[in-house]
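Visitor: Just passing along the structure, written as structure tokens.
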Amino acid sequence: MTSVYEIVDSPLGELLLVGRASATAKGGTALASLSLPGQKGGAVVQDGWRRDPAAFEEIGRQLASYFAGRLTRFDIEYADAGTAFQRSVWRAVEDVPYGRTTTYGEIAAAVGTSAVGVRAVGTAIGRNPLLVVRPCHRVIGTDGALRGYAGGLESKARLLGLEGVLVP
């Protein structure tokens, strides 16, 4: 299946959106990846991918609304990815409301993992291919410190500031 992509501007820099055709998604594209500039493990445009701005119009509209402070929850279809454990962690992350934070330990408890499993939860969160729209930036350390964000801690702080969690 051919991937489509688009690059959109944001307060964090240019975001790379990658998608796959979906009969059920708004605009016909399920989002497979959203990468920030310089993101650790982020997607890069591959040979054979096709740039298709129209495929991402709805996603782009929602991102613009989020960055303008008007959207608090995304309504985007995601392409299937990850292991069963990763998907369970990502679903728990999606349940963290706008303007709130949670801890890695609380996510571990939500997915039924013991305190020993917190490290595995952190690894799963670190492999989230959908930064911003799947809000892993809302997961912080038990001590309130910002920890481990693939898009960089500066981006994590900016997103939490946008949501009113941190005062810039």
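Visitor: Where residues in region 130-143 are within 12 Å of Tyr104 (Cβ to Cβ) and free of Cβ contacts under 8 Å to residues at least 40 places away in the same chain, which of them is surrounded by the most Cβ atoms within 10 Å (Cβ to Cβ)? Before the answer, list the steps.
Guide: Our first condition is that a residue be within 12 Å of Tyr104 (Cβ to Cβ); within region 130-143, this holds for 136, 138-143.
Next, from what is left, pick out any that are free of Cβ contacts under 8 Å to residues at least 40 places away in the same chain: 140-143.
Working: Ile140: 21, Gly141: 14, Thr142: 11, Asp143: 7.
Restricting to residues being within 12 Å of Tyr104 (Cβ to Cβ) and free of Cβ contacts under 8 Å to residues at least 40 places away in the same chain, the top hit is Ile140.
Visitor: Next question, about the same structure. Is it the case that region 48-56 has a residue that's aliphatic (A, V, I, L, M), out of contact with any strand residue (DSSP E or B) (no Cβ under 8 Å at 6 or more places or on another chain) and modelled with pLDDT of 90 or more? Reasoning before the result, please.
Guide: Within region 48-56, the subset aliphatic (A, V, I, L, M) is 54-55.
Now drop any that are not out of contact with any strand residue (DSSP E or B) (no Cβ under 8 Å at 6 or more places or on another chain), which leaves 54.
Still in the running and modelled with pLDDT of 90 or more: 54.
Within region 48-56, one or more residues are aliphatic (A, V, I, L, M), out of contact with any strand residue (DSSP E or B) (no Cβ under 8 Å at 6 or more places or on another chain) and modelled with pLDDT of 90 or more.
Visitor: Another question, then. Does any residue in region 45-58 that is without any contact (Cβ under 8 Å) to a residue 60 or more places away in the chain and aromatic (Phe, Trp, Tyr) come within less than 8 Å, Cβ to Cβ, of a residue that is assigned to a helix (DSSP H, G or I) and open to solvent by 50 Å² or more (accessible area, probe 1.4 Å) six or more places away or on a different chain, and which pairs are these?
Guide: Close Cβ pairs (under 8 Å, with a partner that is assigned to a helix (DSSP H, G or I) and open to solvent by 50 Å² or more (accessible area, probe 1.4 Å)) amount to Phe56/Gly27.
Visitor: So, Phe85, is that one open to solvent by 20 Å² or more (accessible area, probe 1.4 Å), among the hydrophobic types (A, V, I, L, M, F, W, C), in contact (Cβ under 8 Å) with a residue 24 or more places away in the chain and under 20 Å from Leu153 (Cα atoms) or not? It would help to see each step written out before you state the result.
Guide: Details: open to solvent by 20 Å² or more (accessible area, probe 1.4 Å): yes; among the hydrophobic types (A, V, I, L, M, F, W, C): yes; in contact (Cβ under 8 Å) with a residue 24 or more places away in the chain: yes; under 20 Å from Leu153 (Cα atoms): no.
No; evaluated as a whole, the condition is false for this residue.
Visitor: Any idea which of (1) in contact with a Lys or Arg (Cβ under 9 Å, 6 or more places away or on another chain); (2) at pLDDT 95 or above; (3) of a type in the set (A, V, I, L, M, F, W, C); (4) not in a strand (DSSP E or B) is the one Leu34 doesn't satisfy?
Guide: So the condition that Leu34 fails would be (4).
Visitor: Next question. Among the residues of region 106-125, are any in contact with a Cys (Cβ under 9 Å, 6 or more places away or on another chain) and either open to solvent by 50 Å² or more (accessible area, probe 1.4 Å) or more than 23 Å from Ala21 (Cβ to Cβ) (or both)?
Guide: For region 106-125, residues in contact with a Cys (Cβ under 9 Å, 6 or more places away or on another chain) and either open to solvent by 50 Å² or more (accessible area, probe 1.4 Å) or more than 23 Å from Ala21 (Cβ to Cβ) (or both): present.
Visitor: Under the condition of being more than 13 Å from Leu130 (Cα to Cα) and charged (D, E, K, R), which residue from region 76-102 is nearest to the chain's Cα centre (by Cα)?
Guide: Once the filter is applied, the top-ranked residue is Asp95.
Visitor: For region 128-168, name all the residues that are of a type in the set (D, E, K, R), at pLDDT below 95 and under 17 Å from Leu16 (Cβ atoms).
Guide: The answer is none; no residue qualifies.
Visitor: Right, another one. Among helices (runs of 4 or more DSSP H) lying entirely in region 53-143, which contain 1 or more residues that are β-branched (Val, Ile, Thr) and under 23 Å from Gly164 (Cβ atoms)? Walk me through how you get there before you give the answer.
Guide: Numbers: elements: 57-67, 84-94, 104-110, 118-126.
In region 53-143, 84-94, 104-110, 118-126 are the helices (runs of 4 or more DSSP H) which contain 1 or more residues that are β-branched (Val, Ile, Thr) and under 23 Å from Gly164 (Cβ atoms).
The values are calculated or read from the model by the stated rules, or taken from the named source; none is laboratory data. Source: prediction; values computed, not measured. Because the Cβ atoms are built from the backbone with ideal geometry, glycine has one as well, and the counts that use them run over all protein chains shown. Each accessible area value is taken on the protein alone, full model and side chains, heavy atoms only, with ligands, DNA and RNA left out. Shrake-Rupley method; radii C 1.70, N 1.55, O 1.52, S 1.80 Å.
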